[in-house]
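The values are calculated or read from the model by the stated rules, or taken from the named source; none is laboratory data. These numbers come from a predicted model, not from an experiment. We place every Cβ from the backbone using ideal geometry, glycine too, and count neighbours over all the protein chains shown. The area values use the complete protein model at the heavy-atom level, side chains included, leaving out ligands, DNA and RNA. Shrake-Rupley method; radii C 1.70, N 1.55, O 1.52, S 1.80 Å.
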Amino acid sequence: MTRFIFITGGVVSSLGKGIASAALGALLQARGYKVRLRKLDPYINVDPGTMSPYQHGEVYVTDDGAETDLDLGHYERFTGVAARQSDNVTTGRIYSNVIARERRGDYLGATVQVIPHITDAIKEFVTSDLTDEDFVLCEIGGTVGDIESLPFLEAIRQLSNELGRDRAVFVHLTLMPYIPAAGEIKTKPTQHSVKELLSVGIQADLLVCRSDRPVSVEARRKLALFCNVSPERVIEALDVDTIYDVPVRYHEAGFDTEVLKRFGMDKGREAEVDLSVWRNIVQRVRAPEGQVSIAVVGKYTNLLDAYKSLHEALVHGGIANNVRVKLDWIESEIFENDETTLHRLENCNGILVPGGFGGRGTEGKVAAVRFAREKNIPFLGICFGMQMAVIEAARNLAGISGAGSTEFGTCKDPVVGLLTEWRRGNRVERRSESDDVGGSMRLGAYACRLAPGSKVAEVYGNQAEISERHRHRYEVNINYRDKLEGAGMVFSGMSPDGELPEIVEIPSHPWFIGVQFHPELKSKPSNPHPLFASFIHAAIENSRLV
Ligand code: GLN
């Protein structure tokens, strides 16, 4: 029997509902249960793929090619369960499905309304595509009280009635602010938010209270009294220095125990909870043996959410090597028109150029790649970063001075170009320049063959074929392969049909790899991605030379 845990948020946004959900998922998993995590997003976009990273942060891509909310990245990193298209839905997708059905005539004769048609579609989403999960944790985006989230709250209210209260639990995450003038933590905002939830018919079963200092027994009692929950179900969620400490802290605060008690299924399992994996990760993050510094030369560097998985994957690379990874986020534009700014890269032990879109800042990225190549600094180029590395090598190693990408308009030598046709397994996928922008990139998992004897083959433990996730419209142009290889840049990873360059490397450089996919999406704290583990290892070697 599958049980459902709905997680809502109150008072303010950015309280870490995604991490709270992911951590609870990890705790239930540690008790031997099978979990699945899902997110309902109340905005009108069909998916976050068309939103600016400044607005929404990273777009997390799944194996099945869905462009999803970055919280799905937390879910995967904490539970290891690969997220799917069926784990994230938005208001936009729900409405477009309902409207398509209306046009087909599925509701012939009826007036199509929010209740029941939209709420039915939401319930269908929450309960479909499941395979014997013990628990589905379903996070509702936004903050309770927003107009946008009302249909979602109504749908989960209905669902809890239909399932019965022993199969549905409501967790509400709120903030307990400390007011210095009063010298107290305040419960009132949480009381209001719980009331707001009650006004749409939902009684919170557990309150998870974010706070920057311990919440007194007194404050918890007061909150319990006013919010109609028992004091043990007011869970203290203190700020932590690393997100990987959240599962252990939540467990100590009784979160998983109280959730199970509420379902009537806590008996006798207490002794079985083994959180040593999480304790080890935290130990490694807190007490590293050394430090390396990595410069990330990108475009959205003042919004760290835009590179969420990348940031975590670099931390994982540090965990694998027992070092702290100090990140220097640099806006690539600073390297344009003024070569002296490149000195900022002198003291770093590794340079990473991440994914990106559009022309702004590209010449700065090319300059950073050149610096890494010429100064023998370990370099990792991801997606756009790989494309910039190819442009740099074409211009400065192969002497193709007009090398560029058609992403920025026509150019004399399109070493990176728009892809209009490619193979996925036995299928041919086609695009044209006039296609819709949304959902039309090369998305999701694709296989890649590694050249035996290459650096990447070694990094991946000599596997012949790997699978990694993609999200891009442009590709390195295979027609320039001979010229580039002749100049020292080797195409060491290719699509199985040999058409699409997936990985490039420079064998004469200590560690220079560019990948067309996004390895950061599959890295886990308990299982760091080999590319990041190896890149950080190379950075450590470099730090010994500096
Ligand atoms: N803008 C490039 C493309 O569409 C790279 C995309 C990316 O880095 N994710 O091909």
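Which of the following residues is modelled with pLDDT of 95 or more, surrounded by fewer than 24 Cβ atoms within 10 Å (Cβ to Cβ) and not in a helix (DSSP H, G or I): A100, A82, A110? Steps first, please.
Numbers: A100 fails: not in a helix (DSSP H, G or I); A110 fails: modelled with pLDDT of 95 or more.
Answer to the selection: A82.
Quick check on E162: is it among the acidic types (D, E) and surrounded by 19 or more Cβ atoms within 10 Å (Cβ to Cβ)? Walk me through how you get there before you give the answer.
On the way: among the acidic types (D, E): yes; surrounded by 19 or more Cβ atoms within 10 Å (Cβ to Cβ): no.
No.
Just checking, how many residues over the stretch 135-159 are within 29 Å of Q29 (Cα to Cα), among the β-branched types (V, I, T) and open to solvent by 10 Å² or more (accessible area, probe 1.4 Å)?
Keep residues of the stretch 135-159 that are within 29 Å of Q29 (Cα to Cα), which gives 135-144, 149, 152-159.
Those still in the list that are among the β-branched types (V, I, T) too: 136, 140, 143-144, 156.
Narrowing the set further to residues that are open to solvent by 10 Å² or more (accessible area, probe 1.4 Å) leaves 143-144.
Result for the stretch 135-159: 2.
Out of the residues in the stretch 429-454 that are open to solvent by 60 Å² or more (accessible area, probe 1.4 Å) and more than 15 Å from the ligand (Cβ to nearest atom), state the one that is modelled with the lowest pLDDT.
S434
Inside the stretch 387-397, can you point out the residues that are assigned to a helix (DSSP H, G or I) and either more than 10 Å from the ligand (Cβ to nearest atom) or at pLDDT below 95 (or both)?
The first filter runs over the stretch 387-397 and keeps only residues assigned to a helix (DSSP H, G or I), leaving 387-396.
Within the stretch 387-397, A389, V390, I391, E392, A393, A394, R395, N396 qualify.
What residue, among those in the stretch 130-165 that are among the acidic types (D, E) and touching a strand residue (DSSP E or B) at 6+ places or on another chain (Cβ under 8 Å), is nearest to T90 (Cα to Cα)?
The residue in question is E139.
Looking only at the stretch 325-345, which residues are part of a strand (DSSP E or B) and either over 25 Å from V59 (Cβ atoms) or without any contact (Cβ under 8 Å) to a residue 12 or more places away in the chain (or both)? If you could, list the steps in order and put the result at the bottom.
Taking the stretch 325-345 and keeping what is part of a strand (DSSP E or B), we get 325-331.
Within the stretch 325-345, K326 is the sole residue that qualifies.
Tell me, which strands (runs of 3 or more DSSP E) wholly within the stretch 470-546 include 3 or more residues that are more than 25 Å from E67 (Cα to Cα) and touching an Asp or Glu at 6+ places or on another chain (Cβ under 7 Å)?
Details: elements: 474-476, 490-494, 501-505, 512-515.
By residue number, 490-494.
Could you please let me know if A539 is in contact (Cβ under 8 Å) with a residue 40 or more places away in the chain, touching a Gly at 6+ places or on another chain (Cβ under 7 Å), more than 15 Å from G385 (Cα to Cα) and buried (at least 23 other Cβ atoms within 10 Å of the Cβ)? I'd like the intermediate steps shown before the answer.
Values: in contact (Cβ under 8 Å) with a residue 40 or more places away in the chain: yes; touching a Gly at 6+ places or on another chain (Cβ under 7 Å): yes; more than 15 Å from G385 (Cα to Cα): yes; buried (at least 23 other Cβ atoms within 10 Å of the Cβ): yes.
Here the answer is yes, as A539 does meet what is asked.
Of all the residues that make up the stretch 497-546, how many are closer than 18 Å to A447 by Cα, modelled with pLDDT under 95 and either among the β-branched types (V, I, T) or away from the ligand (no atom under 15 Å from the Cβ) (or both)?
Within the stretch 497-546, residues that are closer than 18 Å to A447 by Cα, modelled with pLDDT under 95 and either among the β-branched types (V, I, T) or away from the ligand (no atom under 15 Å from the Cβ) (or both) number 3.
Please count how many residues of the stretch 462-491 are within 26 Å of Y60 (Cα to Cα) and more than 16 Å from the ligand (Cβ to nearest atom).
Final tally of qualifying residues: 4.
Which of the residues belonging to the stretch 231-249 are open to solvent by less than 40 Å² (accessible area, probe 1.4 Å), touching a strand residue (DSSP E or B) at 6+ places or on another chain (Cβ under 7 Å) and either assigned to a loop (DSSP other than H, G, I, E, B) or not small (G, A, S) (or both)?
V234, I235
Can you tell me which of S454, S434, S401, S440 is among the hydroxyl-bearing types (S, T, Y) and within 15 Å of F357 (Cβ to Cβ)? Steps first, answer last, please.
On the way: S454 fails: within 15 Å of F357 (Cβ to Cβ); S434 fails: within 15 Å of F357 (Cβ to Cβ); S401 fails: within 15 Å of F357 (Cβ to Cβ).
Answer to the check: S440.
Quick one: what pairs do we get from the stretch 392-414, first residue of a type in the set (K, R), second in a loop (DSSP other than H, G, I, E, B) and more than 16 Å from the ligand (Cβ to nearest atom), C-beta under 7 Å, 6+ apart or different chains?
R395/S401; K412/G402
Scan the stretch 206-218 and give yes if some residue there is assigned to a helix (DSSP H, G or I), farther than 29 Å from G32 by Cβ and either at pLDDT below 95 or not charged (D, E, K, R) (or both), otherwise no. It would help to see each step written out before you state the result.
From the stretch 206-218, those assigned to a helix (DSSP H, G or I) are 217-218; that's our starting set.
Filter again for farther than 29 Å from G32 by Cβ, leaving 217-218.
Remaining after also requiring either at pLDDT below 95 or not charged (D, E, K, R) (or both): 217-218.
Within the stretch 206-218 (the criterion being assigned to a helix (DSSP H, G or I), farther than 29 Å from G32 by Cβ and either at pLDDT below 95 or not charged (D, E, K, R) (or both)), the answer is yes, since at least one residue qualifies.
May I ask you to list the residues in the stretch 346-362 that are surrounded by fewer than 19 Cβ atoms within 10 Å (Cβ to Cβ), within 15 Å of the ligand (Cβ to nearest atom) and without any contact (Cβ under 8 Å) to a residue 60 or more places away in the chain? Steps first, please.
So in the stretch 346-362, the residues surrounded by fewer than 19 Cβ atoms within 10 Å (Cβ to Cβ) come out as 346-347, 357-360.
Subsequent filtering for residues that are within 15 Å of the ligand (Cβ to nearest atom) retains 357-360.
Selection gives F357, G358, G359.
I'd like to know if the stretch 316-330 contains one or more residues that are within 16 Å of the ligand (Cβ to nearest atom) and among the aromatic types (F, W, Y).
Looking for residues that are within 16 Å of the ligand (Cβ to nearest atom) and among the aromatic types (F, W, Y), one finds none in the stretch 316-330, hence no.
What residue, among those in the stretch 398-418 that are buried (at least 20 other Cβ atoms within 10 Å of the Cβ) and among the aliphatic types (A, V, I, L, M), is nearest to the chain's Cα centre (by Cα)?
So the residue we want is V416.
Looking at the structure I just gave you, is H343 open to solvent by 50 Å² or more (accessible area, probe 1.4 Å) and under 23 Å from the mean Cα position of the chain (by Cα)?
Values: open to solvent by 50 Å² or more (accessible area, probe 1.4 Å): yes; under 23 Å from the mean Cα position of the chain (by Cα): no.
Answer is no for this residue.
Quick one: which of R286, R324 is touching a strand residue (DSSP E or B) at 6+ places or on another chain (Cβ under 6 Å), open to solvent by 30 Å² or more (accessible area, probe 1.4 Å) and under 24 Å from N527 (Cβ atoms)?
Working: R286 fails: touching a strand residue (DSSP E or B) at 6+ places or on another chain (Cβ under 6 Å).
After applying the criteria, what remains is R324.
What residue, among those in the stretch 368-383 that are in contact (Cβ under 8 Å) with a residue 40 or more places away in the chain and more than 26 Å from the chain's Cα centre (by Cα), is nearest to the ligand (Cβ to nearest atom)?
Filtering the stretch 368-383 for residues that are in contact (Cβ under 8 Å) with a residue 40 or more places away in the chain and more than 26 Å from the chain's Cα centre (by Cα), the one nearest to the ligand (Cβ to nearest atom) comes out as A372.
Residue by residue through the stretch 182-232, note down the ones that are among the β-branched types (V, I, T) and in contact with a helix residue (DSSP H, G or I) (Cβ under 7 Å, 6 or more places away or on another chain).
Pass one, the stretch 182-232, residues among the β-branched types (V, I, T): 185, 187, 190, 194, 200, 202, 208, 215, 217, 229.
I185, T187, T190, V194, V200, I202, V208, listed by residue number.
This table checks each residue for (1) within 12 Å of the ligand (Cβ to nearest atom); (2) among the hydrophobic types (A, V, I, L, M, F, W, C); (3) farther than 25 Å from S432 by Cα; (4) in a helix (DSSP H, G or I).
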site	(1), (2), (3), (4)
G385	yes, no, no, yes
G399	no, no, yes, no
E407	yes, no, no, yes
V416	yes, yes, no, no
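Taking only the stretch 1-51 into account, find how many residues are in a helix (DSSP H, G or I), more than 21 Å from E312 (Cα to Cα) and within 18 Å of the chain's Cα centre (by Cα).
Residues in the stretch 1-51 being in a helix (DSSP H, G or I), more than 21 Å from E312 (Cα to Cα) and within 18 Å of the chain's Cα centre (by Cα): 1 in total.
Filter the stretch 367-397 down to the residues that are of a type in the set (D, E, K, R) and either surrounded by 24 or more Cβ atoms within 10 Å (Cβ to Cβ) or closer than 24 Å to V292 by Cα (or both) and list them by number.
In the first step, residues of the stretch 367-397 are kept if they are of a type in the set (D, E, K, R); the result is 370, 373-375, 392, 395.
Hits for the stretch 367-397 are R370, R373, E374, K375, E392.
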